[in-house]
Amino acid sequence: MTLDKNWYTEEWAGQGSAISLKIKDKVHDEKSPYQRIEIYETETFGTLMTLDGLVMVTDRDNFMYHEMMSHPVLFTHPDPKRVLIIGGGDCGTLHEVLKHKSVELVEQVELDERVTRVSEKFFPELCESNHDSRAKLHFADGIKWVADTKPETYDVIIIDSTDPVGPAAGLFSEAFYKNCFRALRPHGIVVGQSESPLFHAELIRSVQTSFKAAGFRDVATLFFPQCTYPSGWWSATMASKSESVTPFRAKASATKTFATRYYNHDIHAAALARPEFLRTR
């Protein structure tokens, strides 16, 4: 990370590229037991959170990521009632999940409590559902949580993780996916963020392969824009325990009773289309 007076810059050295956001001020800086958490006020993207120098969330574009991590999988499942979120410390995904009236329980397991507490202060709109009676926040190791979960506990598991380095690396492993498979009910679906299609195509293929090796019947990747993440293009990969993940409850999606800023029925269908370079090696 390079901070040059009025600009925050995140370098993607391996790709020979970077992103810069013009800043007004740094308003928070702390070292939690797990990572450095910094908050900036920017000129055009509102509040910015970085973890260990990597952009995690901004006011301006977080809605695309949070909506695409939540609504496609929930409209794909026939009747989602019990949801587990691994990670998701900024609570934006939790907020989106709780828009679904069928959901009776959402358990969020975030390793670093400080990420959530800082988000409550600087991103209150993302955290406004934290006290919903259906929401249960836990601060623990998500890998161990899933390993210790009783079989067939959840309908949907959302892996809202950071990049696959450090403690988060295990969230991209076949062993972890096998535990997700066991923790899901018969029609269960898991979705995990799977990085940039342009920069990390091999990782996406690895995630798809690992899901299938873990026992999941069908796998599909969703593609969507995320301009402050590497390459500006992001993905989330879904895997179903017993059914295809391509069909979804189209009528329910088209007539949803809650507001979104990016997700809709047409976006859902379009996000499932695979670019040619990801169809073949």
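Odds and ends about this structure:
- Within the range 206-229, tally of residues that are surrounded by fewer than 16 Cβ atoms within 10 Å (Cβ to Cβ) and closer than 17 Å to residue 271 by Cα: 2
- Test for residue 34: is it surrounded by 21 or more Cβ atoms within 10 Å (Cβ to Cβ) and outside the structural domain of residue 241 (by TED's automatic domain parsing): no
- For the range 110-122, the condition of being farther than 15 Å from residue 34 by Cα, free of Cβ contacts under 8 Å to residues at least 12 places away in the same chain and hydroxyl-bearing (Ser, Thr, Tyr) holds for none of the residues.
- Condition broken by residue 144, with the remaining ones in (1) surrounded by fewer than 18 Cβ atoms within 10 Å (Cβ to Cβ); (2) of a type outside the set (A, V, I, L, M, F, W, C); (3) in contact with a helix residue (DSSP H, G or I) (Cβ under 8 Å, 6 or more places away or on another chain) satisfied: (3)
- Unique match (being surrounded by 15 or more Cβ atoms within 10 Å (Cβ to Cβ) and within 25 Å of residue 268 (Cβ to Cβ)) among 41, 104, 67, 110: 67
- Given (1) touching a Lys or Arg at 6+ places or on another chain (Cβ under 9 Å); (2) more than 16 Å from residue 229 (Cβ to Cβ); (3) in a loop (DSSP other than H, G, I, E, B), number of the condition residue 80 does not satisfy: (1)
- Of all residues making up the range 260-271, the number that are of a type outside the set (Val, Ile, Thr) and touching a residue at least 40 places away in the same chain (Cβ under 8 Å): 5
- Close Cβ contacts (under 8 Å, 6 or more residues apart or on different chains) running from residues in the range 83-104 that are closer than 13 Å to residue 69 by Cβ to residues that are in a loop (DSSP other than H, G, I, E, B) and at pLDDT below 95 comprise 86/161; 87/161; 87/162.
- Taking the range 36-59 as the range and being over 22 Å from residue 111 (Cα atoms) and without any contact (Cβ under 8 Å) to a residue 60 or more places away in the chain as the test, the residues that pass are 40, 41, 42, 43, 44, 46.
The values are calculated or read from the model by the stated rules, or taken from the named source; none is laboratory data. Just so it is clear, the structure is predicted and the values come from calculations on it, not from any experiment. All Cβ positions, glycine included, derive from the backbone under ideal geometry; neighbour counts span all protein chains shown.
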